[in-house]
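Enquirer: The structure is given below, and queries will be raised subsequently.
The values are calculated or read from the model by the stated rules, or taken from the named source; none is laboratory data. Since this is a predicted model, take the numbers as computed values, not measurements. Here Cβ is always computed from backbone atoms with ideal geometry, including for glycine, and neighbour counts include all displayed protein chains. For accessibility, only protein heavy atoms count, side chains too; no ligands or nucleic acids. Shrake-Rupley method; radii C 1.70, N 1.55, O 1.52, S 1.80 Å.
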Amino acid sequence: MRWTVLLPTHAAAATLALAIDSVLSQRDGEFELIIVGDGCDDSTRAIIASYTDTRLRFIDRPKGDGFGYQHRKAALAAARGDYIAFMSDDDLWGPSHLLRLGRLLDAGHSLAYSRSLWCAPKGQLVPLHFDLTDPVAAQYLAERNYLPAPCVTVTRVALMAAGGWPTDVHKEGDWVLWRRVLALPGSTVAYDHVVSSIHFRSARRSTEPLPVEAILAMPNFEQSWPTGAIVVQAEYPTIQSATTARFEDPDFWPALSTALGVIDSRLVLAATTLGSELLRVNSRQNNASLELDRVYASLSWRITAPLRRVRAARRPQE
């Protein structure tokens, strides 16, 4: 068996079928999909029972402590796939997700992940660029989780060597797992810069992650967001359904790729302009160094650092 896909669920009947469909639509179809129920209700059970695909297996458990991490650990201990992929019951995969990340794991890496794309409630698809092969970004992972679970895949060997799904923490078990896998002797990581999954804010949350809020708050960003990176302004779970419908459009992924390139360019420009403008204004006050320190310490400067490096690498040498 090539893949085991772990999909834990508790009370997301409104979006669960969309998540399952995006897994079953993978171009790399050699997988088992293990849905781990953590105190599911009858509506969730009915949705799962409506599927006849033999690759799907449902482990129905009573509500466990916290997020039911003990159920996930038990399910992964019985995994048959050489590679493990993680899915959420309210997120979506593009059809090439497993195909692309499988190539990276085939190359011998312990952990491979794709670029994360967050869908804000107003319909903007917000790209985050987080390259763990960059030592600075790797250090950030020690402070905060920048990798949504549906973006990440690991080898089963690395997963088991890291102790399986963590049950010694009450939350952010995925973040703990990523760090434990990466800390293994000889462990390597690969980053696919292409978006292959879309992460939606949980219905339980009322705010965006800090980097997403910082991007959306940049001047004129909302008004000038590229149309290729907008789904529809809708409430949860309608926005997931609208995004799924767009997957069927063959022009969706190329248009999205172009739009993300535009957003990346604007992020680089915004961060660069912010730095040069503060330097110009405050040099008159003999305070340029202090102000630039504030720029370099800002969230927007840090999250756009990888993009500035790419831009500098592509700039013709004079």
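Enquirer: Which order do the peptides 36-46, 115-125, 132-142 take when ranked by the mean count of other beta-carbon atoms within 10 Å per residue, highest first?
Expert: 115-125, 36-46, 132-142
Enquirer: Assuming a ≥ b ≥ c are the square roots of the Cα gyration tensor eigenvalues, decide whether region 129-209 counts as rounded (a/c under 1.5), prolate (otherwise, with a/b larger than b/c) or oblate.
Expert: oblate
Enquirer: Okay, next question. If a/c stays under 1.5 just call it rounded; otherwise compare a/b with b/c (prolate if a/b is bigger, oblate if not). Do that for region 86-128, with a ≥ b ≥ c from the square roots of the Cα gyration tensor eigenvalues.
Expert: Taking the square roots of the gyration eigenvalues as a ≥ b ≥ c, region 86-128 is prolate.
Enquirer: To the nearest 20 debye, what is the magnitude of the charge dipole of region 134-273 about its Cα centre, counting +1 on the Cβ of each Lys and Arg and -1 on the Cβ of each Asp and Glu?
Expert: Here the size comes out at about 380 debye.
Enquirer: Now for a different question. With labels modelled as points extended 7 Å from the Cα through the Cβ direction, what inter-label distance (nm, one decimal) is found for S202 paired with A78?
Expert: 2.5
Enquirer: In addition: Give the lysines reachable from K122 as a straight Cα distance under 28 Å; neighbours fewer than 8 places away on the same chain don't count.
Expert: Qualifying lysines at Cα under 28 Å: K171.
Enquirer: OK, next. Placing +1 at every Lys and Arg Cβ and -1 at every Asp and Glu Cβ, with all other atoms neutral, what dipole size does region 11-98 have around its Cα centre, in debye to the nearest 20?
Expert: In total the dipole reaches around 240 debye.
Enquirer: Could you compute the net charge surrounding K63? Neighbours are other residues with a C-beta less than 12 Å from the C-beta of K63; K and R count +1, D and E count -1.
Expert: Taking every other residue near K63 into account, the sum is -3.
Enquirer: OK, next. What number comes out for the charge environment of R100, summing +1 per Lys or Arg and -1 per Asp or Glu over other residues with Cβ under 12 Å away? Walk me through the numbers before you get to the answer.
Expert: Working: positive: R27, R103, R115; negative: D28, D106, D192.
With Lys, Arg at +1 and Asp, Glu at -1, the net is 0.
Enquirer: Could you give the length gained by full extension between N145 and V232, i.e. 0.36 nm per residue of separation minus their alpha carbon distance, to one decimal place?
Expert: Numbers: separation 87, 0.36 × 87 = 31.32 nm, distance 2.72 nm.
Length gained between N145 and V232: 28.6 nm.
Enquirer: Give the relative contact order (percent, whole number) for region 1-152; include only Cα pairs under 8 Å separated by 6+ residues.
Expert: So the answer I get is 28 percent.
Enquirer: Could you order the peptides 8-19, 52-63 from most to least packed, using the average number of other C-beta atoms within 10 Å per residue? Mind showing how you got there, number by number?
Expert: Values: 8-19: 21.0, 52-63: 13.2.
My ranking of the peptides, most packed first, is 8-19, 52-63.
Enquirer: Which shape class applies to region 205-258: rounded if a/c is under 1.5, otherwise prolate when a/b exceeds b/c and oblate if not, where a ≥ b ≥ c are the square roots of the Cα gyration tensor eigenvalues?
Expert: Values: a/c = 2.36, a/b = 1.31, b/c = 1.80.
It comes out oblate by the Cα gyration axes.
Enquirer: If you wrap a convex hull around the Cα atoms of region 91-174, how much volume per residue is inside, in Å³?
Expert: Measuring per residue, one finds 129 Å³ for the Cα hull of region 91-174.
Enquirer: 7 Å from Cα along Cα→Cβ at both E172 and R246: what's the point-to-point distance in nm?
Expert: Taking the simple label geometry, E172 and R246 are separated by 3.0 nm.
Enquirer: While we're here: Once you wrap a convex hull around the alpha carbon atoms of region 1-111, what is its projected area averaged over all directions, in nm²?
Expert: Numbers: hull surface 26.4 nm².
The directionally averaged projection comes out at 6.6 nm².
Enquirer: Roughly how far apart, in whole Å, are the Cα centres of region 22-86 and region 96-175?
Expert: So the separation of the two Cα centres works out to 19 Å.
Enquirer: Additional query: Quick one: net charge of V181's neighbours, Cβ under 13 Å, K/R +1, D/E -1?
Expert: +2
Enquirer: Tell me the relative contact order for region 95-153 as a rounded percent, counting alpha carbon contacts under 8 Å between residues six or more apart. Don't jump to the answer; show the numbers that get you there.
Expert: Numbers: 43 pairs, mean separation 19.1, N = 59.
For region 95-153, the relative contact order is 32 percent.
Enquirer: Could you please state how large a percent of the accessible area of region 210-271 is carbon and sulfur, counting protein chains only and using a 1.4 Å probe?
Expert: 57
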